[in-house]
Structures are given as C-alpha cells and as structure tokens.
Amino acid sequence: IRDEESGYNKSLFCIPKHYEEDLERVFIPHGLILDRTERLARDIMQDMGSHHIVALCVLKGGYKFFADLLDHIKALNQNDDKSVPVTMDFVRIKCYC
C-alpha cells in the first residue's frame, strides 16, 4: 500500500455499529488480508521444507490471525505429498516494552 493511498469508502463494507463513528476509511479489505495470510502460509511451508514447524501466538491481539494462518498451513499440509509436523503454543505478554 502506497503512502498516498486514500483507502476505500467505509460505505462499501459492513462496519459494526460500535465502530462507525471511529472509522473514516478502510485501507486493507478483509479479502486482501485473507489472501496475504494464505500466501504467507504457502511461503512458510515452502521455506520450512520438511522441518517441524513450531508456531507461537502472542495472546490477545494475535489469536485470529494465528488461527487463520494455521488453518491455511493445515490445509496445505493435508493436500501436499509430504506432511510436516506442526506444534502450536500460546504466550501472554504483560508489556510489549
């Protein structure tokens, strides 16, 4: 996304009522995020080869992205000739500083 990108008008999306007043525009549509998440899963599978994948999710904010990414990795794992072991774990961080 270029810096001068103006985004999309929020009227093109289904915005929850409690966000309507706080949101001016949408910069990255959900479909694009899903596409990029799937591509990231493909890249991870290609880069890791047959190595064991250990996925670590930083809780609270990352759980949805983490779940979507692992769903794509699992689907690729099931539909590929080789199966790569995947282990997942979760951590909570009190402070990001």
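Summary table below
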{"item": "Pairs where the first residue, in the stretch 1-18, is in contact (Cβ under 8 Å) with a residue 24 or more places away in the chain and the second is in a loop (DSSP other than H, G, I, E, B) and open to solvent by 60 Å² or more (accessible area, probe 1.4 Å), C-beta under 9 Å, 6+ apart", "result": "Ile1/Phe27; Ile1/Ile28"}
{"item": "Residues of the stretch 69-97 satisfying the condition of being open to solvent by 80 Å² or more (accessible area, probe 1.4 Å), part of a loop (DSSP other than H, G, I, E, B) and not small (Gly, Ala, Ser)", "result": "Asn79, Asp81, Lys82, Arg92, Lys94, Tyr96, Cys97"}
{"item": "Single residue of the stretch 26-43 satisfying the filter (part of a helix (DSSP H, G or I), of a type in the set (A, V, I, L, M, F, W, C) and touching a residue at least 12 places away in the same chain (Cβ under 8 Å)) that is nearest to Lys64 (Cα to Cα)", "result": "Leu34"}
{"item": "All positions within the stretch 1-25 that are charged (D, E, K, R) and assigned to a loop (DSSP other than H, G, I, E, B)", "result": "Arg2, Asp3, Glu4, Glu5, Glu21, Asp22, Glu24"}
{"item": "Qualifying residue in the stretch 46-63 (condition: in a helix (DSSP H, G or I), surrounded by 10 or more Cβ atoms within 10 Å (Cβ to Cβ) and out of contact with any Leu (no Cβ under 8 Å at 6 or more places or on another chain))", "result": "yes"}
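The values are calculated or read from the model by the stated rules, or taken from the named source; none is laboratory data. Computed from a predicted model, the values in this text were never measured in an experiment. Positions of Cβ are backbone-derived with ideal geometry, glycine not excepted, and every protein chain shown enters the neighbour counts. Just so you know, the surface numbers come from the protein's heavy atoms only, side chains and all, with ligands and any DNA or RNA stripped out. Shrake-Rupley method; radii C 1.70, N 1.55, O 1.52, S 1.80 Å.
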